[in-house]
Amino acid sequence: MKQIAIIGPTASGKSDLAINIAKKTDAYILSIDSLSIYKEIDIVAAKPSKEELRAVKHFGIDTIYPNEHFSVEIFIKLYQEVVQRCQEDNKNLIIVGGTSFYLKSLLDGLSILPNITQEVEIKVQKRLQDLTKVYEDLKQKDPSYMQKIAANDRYRIEKALLIYEASGLTPTQWFLKNPPKPIITDLPIFNIDVERALLRERIKKRTQQMYAMGLIDEVCYLEQKYTRAPNSMKAIGIVEVLDFLDAKIDKDEMLQLITTHTAQLAKRQQTFNKTQFKDITHAPLQDLKELIPKHF
C-alpha cells in the first residue's frame, strides 16, 4: 500500500484532483476536512457530490453528527482503521483536505494516555458535576496547560482530570514524560499553489453556488435540529447565514461576508501549509496532475 497527501487552501481544487488520481491509482480517499466529517452539513462543507462519493470510496465524510465531539485522537483512530481497510482491500490511500492540522498530528503523533481504571472514571465523573471547581483546581496545579482550555470546555477539562487522577501527574508533567511518537514517518505531501486573486474569484463563485443550492435552507434545518450550541454551528457559512436570519445583515452582505471570511481562512491555510511541513512539494494544480501519479 502506498499513501500520499494532497493539501491546499479551500476552493483550490483538492477534491477533484484526489478523485481523478484515485481512479488512476486504485486508491481510497481519506478526507481531512473539519466540516465534511459531519453528517447533514453538506452545502456548507462543499462535499464531493453523491456521484463522486460513489465513484471512489471515501472515509472521513459523513462520519459523525453535528452535535457530536470530534478530536485529533478520534481522527488518528479513524486513520488507523482506514489504513487497515486499504491493506485488506489491496488499495492505495490519498489523504486530502484543508484541515492540515490533522495531517500534522499524524506526522507529529500523540502522547499515550495513562491507564484509566473504572474506579478513576467514576471518581472523575463525580468531580465533574462541579465543572467550575475542577477547572480552578486544575488551573492552580497546572496553569500553563489549563490556560489553553476554556472554562466551559468539558471534554478537555475531563481529559486533563483523567490524566491527573490516573497518573498522579499534571498533564504537563505527564506529556513531558510521555512525548508523542509519529504515526506516519514517510509520507509524500503535495500542496496546491494558487494565486490569491484567482483563489478569491473561485471562493466568490463557490459562495454563489452554495446559495443557489439551498444554503439558507440547510442552515435553517441544522439550527432547528441541533440548535446553535455545537461547535460545528460556528463554522464559516453557518454564522453568516444565522446573522442573516436574525436580520442583522441582508443577503448581499451575507454572501460578501462568507466570501471574505473564507478568503481569510484560505490565507491562514496557505501560511500553515508553507510553514508546518518539512518535506513537501509546492506546485500549481496542473503540474500536480502529472506529478502525483508517478509516486504510485
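Derivation of every value follows stated rules applied to the coordinates shown; laboratory data play no part. Source: prediction; values computed, not measured. All Cβ positions, even for glycine, are placed from backbone atoms using ideal geometry, and neighbour counts span all protein chains on display.
Structure notes:
- 3J(HN,Hα) along the range 125-130, derived from phi through the Karplus expression 6.51 cos²θ - 1.76 cosθ + 1.60 where θ = phi - 60°, amounts to 4, 5, 5, 5, 5, 10 Hz, with x in place of Gly and Pro.
- Sparse packing (at most 14 other Cβ atoms within 10 Å of the Cβ) combined with a DSSP loop state is found for the following trypsin sites (Lys or Arg not before Pro) in the range 79-163: Lys148.
- Among Asp243, Asp130, Asp142: highest mean-square fluctuation, GNM of the chain, C-alpha pairs under 10 Å: Asp130
- Cross-link table Lys39/Lys123; Lys47/Lys294; Lys104/Lys181; Lys133/Lys225; Lys181/Lys294; Lys126/Lys148, entries beyond 22 Å C-alpha to C-alpha: Lys39/Lys123; Lys47/Lys294; Lys133/Lys225; Lys181/Lys294; Lys126/Lys148
- A simple spin-label model places the labels of Phe296 and Asp279 2.0 nm from each other, with each point 7 Å out along Cα-to-Cβ.
- Global geometry of the range 149-291, whether rounded, prolate or oblate, following the gyration tensor of its Cα atoms and the 1.5 cut on a/c: oblate
- Taking a ≥ b ≥ c as the square roots of the eigenvalues of the Cα gyration tensor, the range 54-103 is prolate, since a/c reaches 1.5 or more and a/b is larger than b/c.
- Proximal aspartates and glutamates relative to Lys267, as straight alpha-carbon distance under 20 Å, when same-chain residues fewer than 8 apart are discounted: Asp33, Asp193, Glu195, Glu201, Glu240
- Sparsely packed GluC sites (Glu not before Pro) within the range 149-245, loop by DSSP, other Cβ within 10 Å at most 16: Glu195
- Shape class for the chain: oblate, because the ratio a/c of the largest to smallest gyration tensor axis (alpha-carbon atoms, square roots of eigenvalues) is 1.5 or more and b/c is at least a/b.
- Exposure proxy ranking for Leu53, Leu35, based on other Cβ atoms within 10 angstrom of each Cβ and starting from the fewest, stands as Leu53, Leu35.
- Pairwise FRET efficiency - Ile112 versus Thr227, Cβ, R0 = 30 Å, nearest 0.05: 0.25
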